[in-house]
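Taking it in order: structure first as structure tokens, then the write-up.
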Amino acid sequence: MMQAVAGVERTRPVLAARGGRTGLPDALHAEWTKLRTLAATWWLLAAAAALTVAVSAAVSLAVQCRLSGCAPAQTGADPARISLAGVDLGQAVVALLAGNAVGGEYGTGMIRVTLAATPRRLTMLAAKAVVVTGWALAAGIVAVLGSVLAGRLILPGRGLSAANGYVLVSLGNGPGLRAALGSVLYLALIALLALGVTAAVRDSAAGVGLVLGLLYLFPIVSSVIPDHVLARHLEQIAPMTAGLDIQATTGLRSLPLTPWQGLGVLAAWAAAALVLGGLLLRLRDA
Amino acid sequence: MSVMTPYRPAVAAGRDGLAQLLRAEWTKFRSVRGWVIGMIVAVVVAAGIGLLGAGGTTSSCQQVGSSGPARHGAGCMPAFPLGPGGEPVTDSFYFVRQPLTGDGTITVRVTSLTGLVPSGNLNSPSPSMQPGLEEWAKAGIIIKENLNQGSPYAAMMVAAGHGVRMQWNYTAGTPGLPGAVGPANPRWLRLTRAGDVITGYDSADGTHWAEVGAVTLPGLPSTVQAGLFAASPEYNSESQHFGGGVNGSGGPTQATAVIDHVSGLGGPWTGEYIGVADAPGIGRYHQAGGRFTVTGSGDIAPIPAGHGGPADAATTVTDYLLGTFAGLIALAVVAALFMTAEYRRNLIRVTLAASPRRGRALAAKAIVIGAVSFAAGLAGAAIAVLAGTAITHARGYYEFPVPGSTVVRVIIGTGLLAAVSAVLALAVGTMARRGAAAVTIVVAAIVLPYFLAVAAVVPLGAADWLLRITPAAGFALQQPYPQYPQVTAIYSASSGYFPLAPWAGFAVTAGWAAAALAGAACLLRRRDA
């Protein structure tokens, strides 16, 4: 182990001196190749999209009207949130994909090779962030389009139809487009959050566990604590609850934040995680 | 052709017994600092999040003072009447009564039960009423120890949607003749007192009687109050906001019963309210010949625990246990790594060389991680419940009472839930051989269904199914308060109610863990390490 570390220290200046091989384009190419050639990446990409659509469809199928009626005032249902509910599960797979991208290297020792090839550690992290964001956006686009389609097919049959006064998600109207596009961005930000956290803890299992705990913790706590003021504050700072405000198309006035503010909160979490991960990456040995 | 003899290390004899393996696995576990820290994190978050909820309450106090029952003491204690078992009860009904001394029998015939329920907007200050019956509107005959709220009783009644019933001491009840009462379908009811034993009978014609139940009310005094009663619980309209919990709104209802052929009581009648009427003006009786018309509101029933109902302001054991799922995530990380780290470091080859019987090595790992997780879950729940109770009392808040035996089951149950969850994570880790994948699978299997149900992302019916069939069913071990069929309420996971009985829910989770462990043992044998 000591020898290996010493080896890295020795080779760093040599590689740096060669120049032209440690820029962002090369790092991007390297990260893209590493992630693309892992079978797990493709499986996770498919799983993220498939599970999101499946859960969205299942939640849409489970919708029931009240005995008193199906009108929006009686059900309180937001077709967009229901159609896109699968993101609750899809984000876990996306977090796993992103966590693996950096944590997996620590598991196999590959990180030493990576850092030998790209001695500028922040360049390496930035390259990983770009590539992982790309994967998450791809998974998100497929997942969200599938979910929106499932919702449009299923919800009218469950009573949430245009005739009853609901506006189904559509990429053609403003709030619907915001919910769909926002959900894709949400998944990308979750990937960046997981990447930053995993870079900080250097273990994909611990990183993914930490991210999932962070995501699911706030909504469970805020839905149960009796103090409504405290619950609202929690919903404003929680990465998942605030971030998913972007899916809201009805009852915007009662939201603790506006949709874009909510996504901004998640972006702040992701940025903080990346800064922390980058800082620790620079300060510590690999 | 030579016979292949399986290779056995010379030291194997006497060195791969289960005791040695357990010692080896325990040494591995305790000597990895990250895992020990992970276990401590599990205990801290499991206990800490619940205590945050118990200590972070600031606003409920005012709500109790303004809309709840009268407070007493310096704190915010709602004064629920307590039933004979110490449970908070509703005991509020219109009572047409007279004293009954010694043994006796009361017989009546109920010929109709009608009522009024709110109509239109339930949230307006004075909703208008329309004819209708609340499901648990009830009227009949009752023998009650005295006029204090919460005193022991036994009653025979017709309930609007549940036929004839005998109910006693708030929590208990047993059905009699089915079907709704009406002029063409009268119901005869009879209560007989003999010492401490009260027996209920019903009949459709007044000649053929059937016993519904016999109950003992210990220490019943010689003179009790007996007579006719009518009650109708508040109407509750449940509405669920997707992603935002469950809301209830309601209003008072009333029930009117026509009762004749009253026999067994000869003295003068007194009509009065026990407790306070749900709305002023409901509650009267009218006697014409042998025919009584009794109108009342309220209920004679236990109060279910949980936020959003009548006991909204009361702190519950469920609040303290809120952090369990977060602790389970930390446990899942440690338990999965307990196996996957061996693959990553190639330690698995050493482990399997030392213990060529692979199933036994897996069993030793499962026992060690299960035992450690049991201790962690037990400690987390014990700290959460005991410290939470102390904080609640110190701050002067009201804690919904819970029997000591239930607290013991909840604490031990949390330990068991932690143990089987960890074994599940270990088994999934063995199958997946990748820590992060195992953690994601276990979190998606245990924590996500719980989240979907508690945060009301899915409707109640779907949430119940999630908590029946997924490994999250084991959270039922944490249910502190019983669910009462005779009280309409929102029995949701966020209020601490689960669709399966505690040990049935645990059996589901344990079944998942056992299946995963069997799969892991099979794969471990078949695959090269």
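General observations
- Flag if B:T406 is crowded, with 24+ Cβ neighbours inside 10 Å and of a type outside the set (A, V, I, L, M): no
- Verdict on A:L244 being within 14 Å of another protein chain (Cβ to nearest Cβ) and either under 21 Å from the mean Cα position of the chain (by Cα) or of a type in the set (S, T, Y) (or both): yes
- Hey, B:S421 facing chain A (nearest Cβ under 9 Å) and polar (S, T, N, Q) or not: no
- Restricting attention to region B:336-361, the residues that are in a helix (DSSP H, G or I), more than 14 Å from chain A (Cβ to nearest Cβ) and buried (at least 22 other Cβ atoms within 10 Å of the Cβ) total 1.
- From the options A:L181, A:L210, A:L193, A:L171, residue that is among the hydrophobic types (A, V, I, L, M, F, W, C), more than 14 Å from chain B (Cβ to nearest Cβ) and under 19 Å from A:V93 (Cβ atoms): A:L193
- Only one of the listed residues (B:G68, B:G85) is away from chain A (no Cβ under 11 Å), modelled with pLDDT under 90, closer than 25 Å to B:G275 by Cβ and buried (at least 20 other Cβ atoms within 10 Å of the Cβ). That residue is B:G68.
- Meets criteria (at pLDDT below 85, farther than 29 Å from B:V447 by Cβ and facing chain B (nearest Cβ under 10 Å)) for A:A73: yes
- Complete set of residues in region A:261-283 that are without any contact (Cβ under 8 Å) to a residue 60 or more places away in the chain and not small (G, A, S): A:Q261, A:V265, A:L279, A:L283
- Qualifying residues in region B:310-320 (those that are more than 10 Å from chain A (Cβ to nearest Cβ) and more than 23 Å from B:Y94 (Cα to Cα)) - the one surrounded by the fewest Cβ atoms within 10 Å (Cβ to Cβ): B:V317
- Members of region B:458-479 found to be in a loop (DSSP other than H, G, I, E, B), within 9 Å of another protein chain (Cβ to nearest Cβ) and surrounded by fewer than 24 Cβ atoms within 10 Å (Cβ to Cβ), listed by number: B:P459
- Residues of region B:298-320 that turn out to be outside any strand (DSSP E or B) and either charged (D, E, K, R) or in contact with a Phe, Trp or Tyr (Cβ under 9 Å, 6 or more places away or on another chain) (or both), as a count: 14
- Sole residue being assigned by TED's automatic domain parsing to the domain that holds B:P280 and without any contact (Cβ under 8 Å) to a residue 24 or more places away in the chain, chosen from B:G115, B:G140, B:G102, B:G163: B:G163
The values are calculated or read from the model by the stated rules, or taken from the named source; none is laboratory data. Everything numeric in this text was worked out from a predicted model, so none of it was measured. Reconstructed Cβ throughout: ideal geometry from the backbone, glycine too, with neighbour counts over all protein chains shown.
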